[in-house]
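Everything on this sheet refers to the single structure shown next.
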Amino acid sequence: MRKPQIDYAAVFHALPGMVALLTPDLVYADANEDFLRLAGRTPEQLLGRYIFDVFPENPDDPAAAGMRETQASMLRVVATGERDTMALLRYDIEDPERPGHWVEHFWSPVNAPVVGPDGRVTLIVHRVEEVTELIRARGGAGSDSSRTRVLEAELYTRSRELQGLNERLRRAQVRDREVALALQEAMLPAPTPVGHHRAAVRYRPAVGTLNVCGDWYDMVDLPGDRIAVAVGDVVGHGLEAACVMGQLRSALSAAARVADGPARALEALGLYARRVDGAESTTVVKTFIDWGTHTLTYSSAGHPPPALLHPDGTVTFLDQATDPPLGARPQHVPRPEASTSFAEGATLVLYSDGLIERRYEDIDTGLARLADALVRHGQADPEALADALLAELLPPTGNTDDTALVIIRL
């Protein structure tokens, strides 16, 4: 069957209800027929103009907040790339035929993003439903009418309370995110040289205010030409996850200095995690690198497998010693351990699942995407390679889970 040719511009203008398109600078780019008709504006009065020049706020109403709240909602859409549904809004409109005469209006607005190929918001879809007649509706004479007015007033009051509550919640989430990120930065080790070997580390928080601070990385110098490197992921987000992360990272760092291998270090961490609230189901991979024997020894507690890029351009995933996450078993069981050799010039990549996992996608697809990126960018030095992997593998609209990444040139 032949696919019909659709004139989307015609569809937009014929949409029922008031719909307008604005640029990220809040300038009208287009409006459908219902918007122009019900707003009482011509295309010449609207298009190419700043929204609040077209619809200024009533200067005679000192309590008016419609402009501030509409602007805040639209700018949130631009900043987050997410839809923003506003509470019931009173926004009076000046009669274009009677300058200085303001008409009371009530609106139910929704603002949604249109995202371009680069992941940035290119347009804001502004859909509004006028509910003025509903607010003014009467249920009849006498007491019924009085009760209707009480219900109307309560509806409007509750919507204003909801708007204020949402704003306070957003501010609280922003504060929590800032504190959690500061705590995360303080507890994650600063990048340090690993002998004469080149290494790069990265941490990228999630775009949301809550999805942050569960991932960590760590590198520990060991006797001889050896280091221990780890990447972990705490289940949970925010301040609680950041605190748990700090405890587990410190415990594993200490265990690596005395354990005779990564498996024993993870066993000690697992015992410790049983006494830490919020540490259950944490995933972590630990790898010991020995340049004297050119050997990698590793053990994983439910974590995505490290990737080893060989000098010949092939990629191997270190997945031969994988066990359940911390605290997943009711009893203590020794963890598996595996070893593999590496050639000088190989590259080891440890990462958390935010780098490869996507909702509704099999993990093997993400692993294949990582391997392909490593093959194409593998000749770059670790710092440039880390930047290339993050730029190519994280979603263009921003990662929904935080991401830790460690790259070591062997």
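The values are calculated or read from the model by the stated rules, or taken from the named source; none is laboratory data. Because the structure is predicted, anything quoted here is derived from the model rather than measured. Here the Cβ is made from the backbone with ideal geometry for all residues, glycine too, and neighbour counts use every protein chain on show. Please note that ligands, DNA and RNA were not included when accessible areas were found on the heavy atoms of the full protein model with its side chains. Shrake-Rupley method; radii C 1.70, N 1.55, O 1.52, S 1.80 Å.
Couple of notes before you dig in:
- Taking the listed residues 30, 53, the one that is within 37 Å of the chain's Cα centre (by Cα) and open to solvent by less than 50 Å² (accessible area, probe 1.4 Å) is 30, with no other qualifying.
- Condition check for residue 70: open to solvent by less than 50 Å² (accessible area, probe 1.4 Å) and under 15 Å from residue 124 (Cβ atoms): yes
- Qualifying positions in the range 317-375 - open to solvent by 60 Å² or more (accessible area, probe 1.4 Å), closer than 18 Å to residue 396 by Cα and of a type in the set (A, V, I, L, M): none
- Enumeration of residues in the range 13-34 that are closer than 12 Å to residue 126 by Cβ, of a type outside the set (Ser, Thr, Tyr) and without any contact (Cβ under 8 Å) to a residue 60 or more places away in the chain: 27, 30, 31, 32
- Checking 2, 37 one by one, the residue that is modelled with pLDDT under 95, open to solvent by 60 Å² or more (accessible area, probe 1.4 Å) and farther than 18 Å from residue 109 by Cβ is 2 and no other.
- Residues that are crowded, with 18+ Cβ neighbours inside 10 Å and at pLDDT below 85, drawn from the range 56-67: 66
- Index of the failed condition, residue 282 passing every other in (1) of a type in the set (Val, Ile, Thr); (2) buried (at least 22 other Cβ atoms within 10 Å of the Cβ); (3) under 14 Å from residue 410 (Cβ atoms): (3)
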